[in-house]
1. Tell me the residue from B:Ala17, B:Ala66, B:Ala7, B:Ala62 that is within 22 Å of A:Ala151 (Cβ to Cβ) and modelled with pLDDT under 95, please.
2. Within the stretch A:142-155, can one find any residue that is assigned by TED's automatic domain parsing to the domain that holds A:Met185, open to solvent by less than 10 Å² (accessible area, probe 1.4 Å) and more than 15 Å from B:Gln146 (Cβ to Cβ)?
3. Scan the stretch B:113-141 for residues that are open to solvent by less than 40 Å² (accessible area, probe 1.4 Å), of a type in the set (S, T, N, Q) and more than 7 Å from chain A (Cβ to nearest Cβ) and jot them down.
4. Since A:Ala34 meets every condition but one in (1) open to solvent by 10 Å² or more (accessible area, probe 1.4 Å); (2) touching a residue at least 24 places away in the same chain (Cβ under 8 Å); (3) not assigned by TED's automatic domain parsing to the domain that holds A:Cys189, which condition does it not meet?
5. Looking at the stretch A:205-227, which of its residues are over 20 Å from B:Pro102 (Cα atoms) and touching an Asp or Glu at 6+ places or on another chain (Cβ under 8 Å)?
6. From the residues in the stretch A:58-76 that are open to solvent by 10 Å² or more (accessible area, probe 1.4 Å) and part of a loop (DSSP other than H, G, I, E, B), which one is farthest from the other protein chains (Cβ to nearest Cβ)?
7. Say whether the condition of being more than 24 Å from A:Pro28 (Cβ to Cβ), modelled with pLDDT of 95 or more and over 21 Å from the mean Cα position of the chain (by Cα) is met by at least one residue in the stretch B:30-52.
Protein chains: 2
Amino acid sequence: MDTITPATIDQRGALAARYGAAVPDAGPWNAQIALLLSHRSVRGYRPDALPEHTLQTLVAAAQSAATSSNLQTWSVIAVTDPAKKAALARLSNNQHHIEQCPLFLVWLADVARNQQLGDAAGVVMETMPWMETFLVAAIDAALAAQNATVAAESLGLSTVYIGALRNNPAEVGALLGLPPGCAGMFGLCVGYAAPGVTNAVKPRLPQAGILSHDTYAAAAPELAPAYDAEMLAFSARQDMAAENWSDKVLARMGRLRGLSGREKLSAVLRGMGFPLR
Amino acid sequence: MDTITPATIDQRGALAARYGAAVPDAGPWNAQIALLLSHRSVRGYRPDALPEHTLQTLVAAAQSAATSSNLQTWSVIAVTDPAKKAALARLSNNQHHIEQCPLFLVWLADVARNQQLGDAAGVVMETMPWMETFLVAAIDAALAAQNATVAAESLGLSTVYIGALRNNPAEVGALLGLPPGCAGMFGLCVGYAAPGVTNAVKPRLPQAGILSHDTYAAAAPELAPAYDAEMLAFSARQDMAAENWSDKVLARMGRLRGLSGREKLSAVLRGMGFPLR
C-alpha cells in the first residue's frame with residue numbers, strides 16, 4: 001500500500017517548491033518528510049469510494065496523536081450522507097467540494113464525554129467553564145486531524161481543511177446532533193483529486209519569517225516583498241487571479257466581513273456549552 | 001535517512017498496542033501510517049546534539065501543513081540556550097525534560113506579522129479583536145507542530161508536547177520577547193530518548209468512543225469500564241502507579257487546581273494582544 005516512490009524524495013526540488021528562492025539549509029531527509037512537504041489542498045474530487053475501512057485507518061492515526069493529559073477531548077464525525085454533506089456545504093460558504101468528496105470529516109472540540117464521567121460520579125467538573133478547557137480541546141482536535149491528513153495523503157488521497165465550518169457553528173451542531181460541550185472546529189474533505197484540480201505546492205514565507213532562535217525575531221516586514229513576488233509567480237503558474245500575500249492578508253484581516261460571520265463565534269460557543277471564562 | 005523498517009509495518013500489532021482488545025477493522029496500511037501509530041511521548045532525553053540543520057527540516061515540515069487562507073498566523077521559537085530552557089522548565093511545572101532535550105520548540109499563535117502589514121499600509125485590521133482570529137492562530141500552530149512531530153519521529157527522534165507552557169503565558173512571553181498579538185500555545189521537546197524512558201504505546205479509547213457516523217453518538221459512557229481496565233493493565237506493564245482513565249479525568253477536570261493556574265488564561269491572553277471578543 002506504500003505509495004512513496006524514489007522520485008518523491010528529491011529534497012532540493014521539494015524545498016524549492018515550498019520556498020521558491022528562499023530555500024533553507026538542507027537537513028536530514030526521508031520519504032516521510034518528502035510526503036509532508038508535498039502537501040497541497042485540493043478543492044475538487046472524483047466520486048469514487050475509498051478503500052474499505054480507510055476511515056478506521058485515518059481515525060487510528062488521529063487517535064495516535066498526543067492528547068493533553070490523555071483527556072481525549074475531541075471527537076470526529078464521518079459524514080457520508082449526501083443530504084448532510086449538501087447541508088454542510090451550504091453552511092460553509094457553499095464549498096462544492098464538501099458535497100463531491102466521498103468522506104467529509106467534522107472535527108469536534110468535545111468535553112461532553114468527560115462531563116458524562118463527572119455526572120455519573122456525582123463530581124462537579126470545576127474546570128469546564130474555563131477558556132483553557134476549550135482551548136485544549138481545540139488544539140487536541142487539530143493535532144488529531146493533522147495525523148489523519150498525513151495518513152490520507154500517504155495513501156494517495158487528497159484533502160482540504162474547511163475552516164468555514166465555523167461560519168455557522170450552531171447550525172452545524174444542530175444538523176449533527178451535538179450535545180452541550182461539543183462544537184465543530186473545522187471540516188476535512190477526503191477523497192481522490194478530480195482531474196485537473198491538483199494545484200502545485202504553494203510557497204510559504206521564508207523560514208526567517210516564522211522561525212526565531214531563543215528570542216522572538218520572526219515578524220520581519222522586509223520579507224514580505226520577496227514573498228509577495230513568489231506568490232504572484234505561483235498564481236500565474238496556476239492560472240489563478242494575480243494575488244500577492246500582503247494584499248490577501250489586508251483583504252482577509254483588515255475588513256470585518258473577512259470573518260464571514262465568525263465575529264459571533266464566542267457568543268455561539270458559549271451557547272454550545274463552552275463558557276470561555 | 002529513512003528509519004522505517006519492515007518490522008514497523010506490522011498492522012495488527014500496531015492496532016493492538018493502540019487499542020488493546022478493541023482493535024478496529026483493518027483498513028489500508030503503509031510505513032507512514034505505522035510511524036503515526038507508533039507515537040509515544042518521551043519525558044527523558046540524552047544531551048546529544050541533533051544532526052545539522054534538523055531544525056530547518058522540522059520547520060519545513062511544519063510550514064507544509066495547511067494554514068487558514070494562507071495567513072500563516074503562527075511562529076516557532078527554537079530554544080537551545082540552557083538558561084532559557086531552565087527558565088521555561090521552571091515556568092512549566094518544573095518539567096526537567098525541557099532542560100534535558102537539545103531542542104525545545106515554543107509554538108506561538110502569532111498575528112503580529114499580519115498586524116505589521118496593516119500598520120505599514122495604514123489599514124485598521126478590523127478582525128484582530130475577535131475570538132475567531134485567536135482560534136485560527138492556535139489551530140494553525142497545532143497543525144504545524146504536529147507535522148514537525150511526525151517529521152522528528154520519522155528521523156528516530158522523540159518528542160513530548162508541553163501544555164504546561166500555558167501555566168504562565170505572560171512570563172513565557174516576557175522571557176522570549178514576544179510582541180503583542182503573539183502568545184505561546186505549547187512547547188515541544190525534541191531529542192534522543194534517554195535509556196529506559198521510552199514508554200510503550202499508550203492505549204486510547206475505542207474508536208466507537210471517538211468516531212460517529214453522520215450524527216453524533218460518540219460520548220458512550222458504557223465504554224469507560226473496558227478502557228479503564230486497558231489503562232490499568234498499561235500502567236502495570238509500565239511500572240507506573242495504577243491509574244484508570246475515569247479517575248484521571250475526574251481528578252484533572254473535576255478540581256479547579258487541575259488547571260494549574262490556567263484559569264487566568266483568558267485574562268492573560270487579553271493582556272498579550274488577543275481581545276477574544
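The values are calculated or read from the model by the stated rules, or taken from the named source; none is laboratory data. Predicted model, so just to flag it, every value in this text is computed and none were measured. For neighbour counting, all protein chains shown are included, and Cβ atoms are generated from backbone atoms with ideal geometry for every residue, glycine included. Just the protein is used for accessible areas: all its heavy atoms, side chains included, with ligands, DNA and RNA removed. Shrake-Rupley method; radii C 1.70, N 1.55, O 1.52, S 1.80 Å.
1. B:Ala7
2. No, the stretch A:142-155 has no match at all.
3. Passing the criteria: only B:Thr133.
4. (1)
5. Listed by number, the residues that qualify are A:Ala218, A:Ala219.
6. Taking the candidates together, the pick is A:Thr67.
7. no
Residue by residue, here is whether (1) under 21 Å from B:Val160 (Cβ atoms); (2) in contact (Cβ under 8 Å) with a residue 24 or more places away in the chain; (3) of a type in the set (Asp, Glu) holds:
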residue: B:Arg90; (1), (2), (3): yes, no, no
residue: B:Trp107; (1), (2), (3): yes, yes, no
residue: B:Ala112; (1), (2), (3): no, yes, no
residue: B:Met125; (1), (2), (3): no, no, no
residue: B:Met128; (1), (2), (3): no, yes, no
residue: B:Met131; (1), (2), (3): no, yes, no
